[in-house]
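Q: There's a structure below that I have some questions on.
The values are calculated or read from the model by the stated rules, or taken from the named source; none is laboratory data. From a predicted model like this one, the values you see are computed outputs, not experimental measurements. Cβ placement follows ideal geometry from the backbone for every residue including glycine, while neighbour counts extend to all protein chains displayed. Just the protein is used for accessible areas: all its heavy atoms, side chains included, with ligands, DNA and RNA removed. Shrake-Rupley method; radii C 1.70, N 1.55, O 1.52, S 1.80 Å.
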Amino acid sequence: MMNNELLSLGGIYLVTLALALPLGAYLARVFRGEKSLLDFMRPVENGIFRLAGIDVRREMSWQQHLLALLTINLVWFGLAMLVLSTQGSLPLNPDQNPSMAPDLAFNTAISFLVNCNLQHYSGESGLSYLAQLVVITFLQFVSAATGIAAAVVLFNALQTRTTDKLGNFYDYFVKSLTRLLLPGSVLVALVLVFSGTPMTMLGKQPLVTLQGDSVAVSRGPVAAMVAIKELGTNGGGFYGANSAHPLENPTFLTNAVENTALCVIPVALVFALGFYLRRPRLAYMIFGVMTVGFAALLAPAVYYELHGNPALTKLGVDQALGALEGKEIRFGAAASAYWSITNTVISCGSVNSMHDSFMPLSGLTQLLGMMTNAFYGGCGVGLLNFFAYLIIAVFIAGLLVGRTPELLGKKIEAREMKIAVLVTLLHPLLILAGTALTAHLYAADPAANAGWLANPGYHGFSEMLYEFTSAAANNGSGFEGLGDNTPWWNISTGVVLLLARFLPIIGPVAIAGLLARKKYVPESAGTLPADTATFGVMVLAVIVIIAALAFFPALALGPLAEHFSLY
Amino acid sequence: MSTKTSLFQPALVAPAVRQAFVKLDPRLMFRNPVMFTVEVGTAVMLVVTLGLLFRPDPAQGSFGYNLTVFVVLLLTLLFANFAEALAEARGKAQAESLRKTREETPARVLDADGRQVSVSSSALQKGQIFLVEAGEIIPTDGEIIEGLATIDESAITGESAPVIREAGGDKSSVTGGTRVLTDRIKVVVSTAPGESFLDKMIALVEGAARQKTPNEIALTILLAGFTLVFVLVCVTLAPFADYARTPIAISAFIALFVCLIPTTIGGLLSAIGIAGMDRALRANVITKSGKAVETAGDIDVLLLDKTGTITIGNRRATRFWPAPGVSERQFAELAALASLTDETPEGRSIVELARSLAVAPEPLHQRLAGAELIKFTAETRSSGVTLPDGTRLRKGASDAIRQLAARANEPFPQPTSEQVDAIAGNGGTPLVLSQNERVLGVVELQDVIKPGIQERFERLRRMGIKTVMVTGDNPLTARYIAEQAGVDDFIAEARPEDKMTYIRREQQQGRLVAMMGDGTNDAPALAQADVGVAMNSGTQAAKEAGNMVDLDNDPTKLIEVVEIGKQLLMTRGTLTTFSIANDVAKYFAIVPALFMVAIPALGALNVMGLKSPQSAILSAVIFNALIIPLLVPLALRGVTYQPLGASALLRRNLLIYGLGGVIVPFLGIKLIDLVVGLFL
């Protein structure tokens, strides 16, 4: 039984890889502008460009790219706020759900805009179908495409030439949608629809259960939304219970498909980098580092979930199937652990089980997955985060071999270091400062300030830490156990979301843009090759040390204290 | 100056200790963000300790414990300051010895009317002309405009053999502070007061002109980033601890903070930089900035003059090739006869070769009595003697002799002609000998490649540096020597502008180029190169153009300079890695110590089994302080550079300083805890 579960995990991972490699090659061709499979979409793209008055042949500097990116994001934010706060009086609302309060609308709009999908509402009662479609599903498409387009700017900038012309942002953005996200979502949605996921505009379906109770089952355009939720590493579910809900993720097969869908683009983008730059070994190095980090986080989670909760074992509960509290029996302990780790290292954040109920060390590895935020990572942005770590690793490694540091033939100097340091510093700053403020509120007067904390002690600490980590990593999953729809949580996490999304895009793109303008230094025997296993070890060490060093005390007070109290 | 001195000379240590206290001044400390935050922490600790004296607070621990933490933190600061002060003191000591050579000397200046006026050396203006004679010290830098002299430059080079300087050409510059041994020269002052070579040198070694290099700035940013992270960790820990109802003493906060920030590299960073320039100085290379040393570590292409660098400098006769009908012995005799009065190295080598064929020079001398000597001229391109009996012996370039023979209707033998081509093809120089315009045969002259030079080039290749030989030889000869010596490329028949073109071309492809030169016509190329090393014997223009000056005039010095540059960066890298890797062990010492009392379960993190929270914190800060002086020798001497290739080098240094940096503090802290535990 246990072996079967582990084998199925291996199977899902191998399928992911088998899809990601050719997809990477395909994406490289798409973004290089070479002939590729879906060229029949070109008339559609040209139509969009003509309609919007965009000349895609006009190449942009890195500043122009970022300006375009931020501008369209601002427009989407306005649209989302408008619809969310007026949805009660707009059409396509068969269940008569009310409009959102301003702080919740702010949190929700930001959260989906930044590809995080922290949900402080429950989809069944909180959103109209119109909002699900034009706010949630729409933002899930465009926020993923934004991340991918930013990553392509990075690809373009890392080529061996000196320029400040880095392609056209809208070209990358629209192609991410037409050539990748839309067709991919259609495929995933088809599997879901055939497995029983609803796809309808009709409202709740009343039905009488076997016990004779009358219930009304929420429906809606679920399949379409779940497909892009996973494929675009968004993670925000149609239903409050996300992929643990039997209609959002009905079977073990849909579970495997959804899990593969959320991994495939982040992994494929790593390979795409290799194909795009014609440096396959560099891609393998990055993939290797990410995979080792992912495996190191996955192993303890799978182990502890399969071995059950010792506190329950003491009570004489049979735990042959592992720790099943908070998990769906149709998925089992191992697949739930795999799901939770893939969803935290990749900033997707959909859940098929309650992270709150995981064993403390599994919770720790989930947290670490988001704290590092670069083992595969979200659509495009994972690679950008990794790039910031890479710059720091290149700098130290360059010194270690006695050469002023250079990456792919471009010198890393004070300006690039400043940006890379700020970007990597931002993540612990947001997480630790947010958690510290909240912990202070609780410690000062628990009753008055923090009625939202259900569990005091170490576990409660983990819940608060998790919420901010999830927001800062743009992940969106919740540890749960927090009553998080309060002004404090809505606004504080909303601010964290904004900063944590855009600064880590701006920083790496700026570094890449600065590097692109520099003179290319051809490699020699004295140059540190960035595509070796040794350098991979160096990068991994930098990631581990930055994440572990900054978060160790916080982790000690949360999951570690809980773990050692339990075992 | 090139004498090796031990690191901890008592004469240097005493002032360095004094300086360590002076440098506690926060205004000086502010330049180094890492150590500045330590100073702030130490100050807070002082306030806390003094406060406990008046109002004991059990939550903060005993007065004695707090005092100990304060003292250890203060020592951390002093150790770091001491490292910097020691590095500076070593530079200052050298500046002192230089300053002694710059004593005020009266100079005999020629005024407009040609009269001699005595002017103090420090008042000499650029453009004035002065006279110096044997036994006198040259008052300031200048160019000889008249005369020739032997000069003792040991005051600045440490080299005792005198050198010859003369007006015109590339050996015309003299340096203030050196002594004229023979003859008398007229010199025009080439620098303004206070800007002479010696003045610049003194300013440099004293560190007055030291600025942070770009790489140092980037590293400081990284270290400041790490420091900020740990400010954040420590500040946020307070509300976390409040939440967990775990009171944390101020001393523990500060100890955690000081241990986590990269104090090891922060404390040694400036010492490493100073020591790098100091090492260059010890190699008798004066660098005009620290940046030049760093750049040297990045060099991709090295331009080397053939003569003096790759070859011994002179061609030597290696074989006689007589024409048909001339015996080898006869040829050797006549060749020696034609060369006996030729004092050029080539000429002497012909006599030597003849002697090895049992041709004694003494009897030949007698035959030369009363002979007419024909000097080499650029016009005839041949030299020789006309003996009293009228015999005309000539040796020279093959086409020169060929013309000579043609004019006298003498044939140029076919075998000799073939031999001439063969010699040129082998990289040699054919020297044809004629007697009364009859061609006797050809002498083969070959360049002699310096022993061991191939290995040095191999070493450079493994560092990733391309070597380029610059020579005036024809392409055929150049190719042959390039192959023999193992250089990667060559510039044949090189004119100064060819060097420029080559450097520019390499630079356009993004490579960094280093070259060495001495002549005025080298100056543009020296300025264009990323690292230009001028020889001290070279002209003032060359010295001004380059960014380093080699006092030994040793053309292979570039190789050393490159290694010094690499060593400098590596020392920074290894100590940064070590410093950051240390944090792992420090966390495992301090974090359980912070929480163990309130949360006994976290005792499981005390993997080192440290005795008590207080001993754990003390051990960590003591380790943190002691590691600085322990690493001072490494910082000042530098990490040994081995040309292994970048990946192997990274593997090696990661193992030693990364993995070692993780393991060593676990052992060190445990050991210190065993000792500290005895007192607590």
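Q: Give the residue that is farthest from the chain's Cα centre (by Cα), with candidates limited to residues of the range B:209-225 that are touching a residue at least 24 places away in the same chain (Cβ under 8 Å) and facing chain A (nearest Cβ under 8 Å). Before you say what the answer is, go through the steps one by one.
A: Kept after step one, since they are touching a residue at least 24 places away in the same chain (Cβ under 8 Å), are these residues of the range B:209-225: B:209-216, B:219-220, B:222-224.
In the following step, the residues that additionally are facing chain A (nearest Cβ under 8 Å) were identified as B:214-215, B:219, B:222, B:224.
Values: B:Pro214: 19, B:Asn215: 18, B:Leu219: 22, B:Leu222: 27, B:Ala224: 30 Å.
The residue in question is B:Ala224.
Q: Moving on. Pick from B:Leu460, B:Leu440: which is farther than 27 Å from B:Pro345 by Cα and open to solvent by less than 30 Å² (accessible area, probe 1.4 Å)? If you could, list the steps in order and put the result at the bottom.
A: On the way: B:Leu440 fails: farther than 27 Å from B:Pro345 by Cα.
Only one candidate passes the filter, namely B:Leu460.
Q: Across the range B:121-147, which residue is most open to solvent (accessible area, probe 1.4 Å) among those that are modelled with pLDDT of 80 or more and of a type in the set (S, T, N, Q)?
A: B:Gln125
Q: On to the next question. Taking B:Thr68 as the residue in question, decide whether it is out of contact with any Ser or Thr (no Cβ under 7 Å at 6 or more places or on another chain), under 24 Å from B:Ser612 (Cα atoms), open to solvent by less than 30 Å² (accessible area, probe 1.4 Å) and hydroxyl-bearing (Ser, Thr, Tyr).
A: On the way: out of contact with any Ser or Thr (no Cβ under 7 Å at 6 or more places or on another chain): yes; under 24 Å from B:Ser612 (Cα atoms): yes; open to solvent by less than 30 Å² (accessible area, probe 1.4 Å): no; hydroxyl-bearing (Ser, Thr, Tyr): yes.
Against the criterion (out of contact with any Ser or Thr (no Cβ under 7 Å at 6 or more places or on another chain), under 24 Å from B:Ser612 (Cα atoms), open to solvent by less than 30 Å² (accessible area, probe 1.4 Å) and hydroxyl-bearing (Ser, Thr, Tyr)), B:Thr68 does not qualify.
Q: With A:Val215, A:Val257, A:Val226, A:Val267 as the choices, which residue is farther than 26 Å from A:Leu540 by Cα, touching a Leu at 6+ places or on another chain (Cβ under 8 Å) and open to solvent by less than 10 Å² (accessible area, probe 1.4 Å)?
A: Details: A:Val215 fails: open to solvent by less than 10 Å² (accessible area, probe 1.4 Å); A:Val257 fails: open to solvent by less than 10 Å² (accessible area, probe 1.4 Å); A:Val267 fails: farther than 26 Å from A:Leu540 by Cα.
Unique residue meeting the criteria: A:Val226.
Q: Still on this model: For the range B:306-337, enumerate the residues that are acidic (Asp, Glu) and either out of contact with any helix residue (DSSP H, G or I) (no Cβ under 9 Å at 6 or more places or on another chain) or within 14 Å of chain A (Cβ to nearest Cβ) (or both).
A: Pass one, the range B:306-337, residues acidic (Asp, Glu): B:328, B:333.
Matches in the range B:306-337: B:Glu328 only.
Q: Picking from B:Arg459, B:Arg392, B:Arg438, which residue would you name as being touching a residue at least 12 places away in the same chain (Cβ under 8 Å) and in contact with a Pro (Cβ under 8 Å, 6 or more places away or on another chain)?
A: Numbers: B:Arg392 fails: in contact with a Pro (Cβ under 8 Å, 6 or more places away or on another chain); B:Arg438 fails: in contact with a Pro (Cβ under 8 Å, 6 or more places away or on another chain).
Exactly one residue qualifies, and that residue is B:Arg459.
Q: Also, quick follow-up: Quickly run through the range A:345-377 and pick out the residues that are in contact with a Ser or Thr (Cβ under 7 Å, 6 or more places away or on another chain) and not in a helix (DSSP H, G or I).
A: If the condition is that a residue be in contact with a Ser or Thr (Cβ under 7 Å, 6 or more places away or on another chain) and not in a helix (DSSP H, G or I), then A:Ile346, A:Ser347, A:Cys348, A:Gly349, A:Ser350, A:Val351, A:Asn352, A:Ser353, A:Phe358, A:Asn373, A:Gly377 are the ones that fit.
Q: For the range B:435-459, which positions are farther than 18 Å from B:Pro415 by Cα and aliphatic (A, V, I, L, M)? Even if it seems obvious, please write down each step before you answer.
A: First, pick out the residues of the range B:435-459 that are farther than 18 Å from B:Pro415 by Cα: B:436, B:446-459.
B:Val448, B:Ile449, B:Ile453 - these are the residues of the range B:435-459 that are farther than 18 Å from B:Pro415 by Cα and aliphatic (A, V, I, L, M).
Q: Still on this structure: Could you check the range B:279-299 and list, in sequence order, the residues that are modelled with pLDDT of 80 or more, open to solvent by 10 Å² or more (accessible area, probe 1.4 Å) and within 12 Å of another protein chain (Cβ to nearest Cβ)?
A: Passing the criteria: only B:Thr295.
Q: Right, A:Val345: open to solvent by 10 Å² or more (accessible area, probe 1.4 Å) and more than 14 Å from chain B (Cβ to nearest Cβ) or not? First the steps, then the outcome.
A: Numbers: open to solvent by 10 Å² or more (accessible area, probe 1.4 Å): no; more than 14 Å from chain B (Cβ to nearest Cβ): yes.
Answer is no for this residue.
Q: Return the only residue of A:Leu425, A:Leu399 being crowded, with 24+ Cβ neighbours inside 10 Å, within 11 Å of another protein chain (Cβ to nearest Cβ) and without any contact (Cβ under 8 Å) to a residue 24 or more places away in the chain.
A: Values: A:Leu425 fails: crowded, with 24+ Cβ neighbours inside 10 Å.
None of the others qualify; the one that does is A:Leu399.
Q: Separate question: Which count do you get for residues in the range A:428-480 that are of a type in the set (S, T, N, Q) and within 9 Å of another protein chain (Cβ to nearest Cβ)? Walk me through it before giving the result.
A: First, pick out the residues of the range A:428-480 that are of a type in the set (S, T, N, Q): A:435, A:438, A:449, A:455, A:462, A:469-470, A:474-475, A:477.
Imposing the further condition that a residue be within 9 Å of another protein chain (Cβ to nearest Cβ) reduces the set to A:435, A:438.
Of the residues in the range A:428-480, 2 are of a type in the set (S, T, N, Q) and within 9 Å of another protein chain (Cβ to nearest Cβ).
Q: A follow-up question, please. Looking for whichever is open to solvent by 10 Å² or more (accessible area, probe 1.4 Å), free of Cβ contacts under 8 Å to residues at least 40 places away in the same chain and either β-branched (Val, Ile, Thr) or more than 19 Å from A:Glu230 (Cα to Cα) (or both) here; the options are A:Thr137, A:Thr71. Which one fits? Steps first, answer last, please.
A: Values: A:Thr137 fails: free of Cβ contacts under 8 Å to residues at least 40 places away in the same chain.
Result of the check over A:Thr137, A:Thr71: A:Thr71.
Q: When you scan the range B:308-339, how many residues do you find that are among the aliphatic types (A, V, I, L, M) and within 12 Å of B:Val359 (Cα to Cα)? Before you say what the answer is, go through the steps one by one.
A: First, pick out the residues of the range B:308-339 that are among the aliphatic types (A, V, I, L, M): B:310, B:312, B:317, B:323, B:326, B:332, B:334-338.
Checking which are within 12 Å of B:Val359 (Cα to Cα) leaves us with B:332, B:334-337.
Qualifying residue count, the range B:308-339: 5.
Q: In the range B:236-253, what residues are surrounded by fewer than 24 Cβ atoms within 10 Å (Cβ to Cβ), away from chain A (no Cβ under 13 Å) and in a helix (DSSP H, G or I)?
A: Residue satisfying the conditions is B:Ile250 alone.
Q: Out of the range B:599-627, which residues are among the hydroxyl-bearing types (Ser, Thr, Tyr) and either within 9 Å of another protein chain (Cβ to nearest Cβ) or crowded, with 20+ Cβ neighbours inside 10 Å (or both)?
A: As a first pass, look at the range B:599-627 and keep what is among the hydroxyl-bearing types (Ser, Thr, Tyr): B:612, B:615, B:619.
Residues satisfying the conditions are B:Ser615, B:Ser619.
Q: Within the range A:514-552, take every residue that is part of a loop (DSSP other than H, G, I, E, B) and more than 7 Å from chain B (Cβ to nearest Cβ) and give me the one that is most open to solvent (accessible area, probe 1.4 Å). Don't jump to the end; show me each part of the working.
A: Our first condition is that a residue be part of a loop (DSSP other than H, G, I, E, B); within the range A:514-552, this holds for A:518-532.
Now narrow it down to the ones that are more than 7 Å from chain B (Cβ to nearest Cβ): A:518, A:523, A:530-531.
Values: A:Lys518: 36, A:Glu523: 100, A:Ala530: 14, A:Asp531: 50 Å².
Of everything passing the filter in the range A:514-552, A:Glu523 is most open to solvent (accessible area, probe 1.4 Å).
Q: Being closer than 20 Å to A:Phe479 by Cα, within 28 Å of the chain's Cα centre (by Cα) and open to solvent by 30 Å² or more (accessible area, probe 1.4 Å) narrows it down to one residue among A:Ser111, A:Ser122; which is it?
A: Details: A:Ser111 fails: open to solvent by 30 Å² or more (accessible area, probe 1.4 Å).
Every option except A:Ser122 fails the conditions.
Q: So, A:Thr365, is that one among the hydroxyl-bearing types (Ser, Thr, Tyr) and away from chain B (no Cβ under 14 Å) or not? Please lay out each step first, then the result.
A: Working: among the hydroxyl-bearing types (Ser, Thr, Tyr): yes; away from chain B (no Cβ under 14 Å): yes.
Yes; evaluated as a whole, the condition is true for this residue.
Q: Could you pull out the residue among B:Leu53, B:Leu77 that is in a helix (DSSP H, G or I) and open to solvent by 10 Å² or more (accessible area, probe 1.4 Å)?
A: Numbers: B:Leu77 fails: open to solvent by 10 Å² or more (accessible area, probe 1.4 Å).
Step by step, each of B:Leu53, B:Leu77 is checked, and only B:Leu53 is in a helix (DSSP H, G or I) and open to solvent by 10 Å² or more (accessible area, probe 1.4 Å).
Q: How many residues does the range B:337-356 contain that are in a helix (DSSP H, G or I) and under 44 Å from the mean Cα position of the chain (by Cα)?
A: Of the range B:337-356, the ones in a helix (DSSP H, G or I) are B:337-339, B:345-356.
From what's left, under 44 Å from the mean Cα position of the chain (by Cα): B:339, B:345-356.
Number satisfying all stated conditions: 13.
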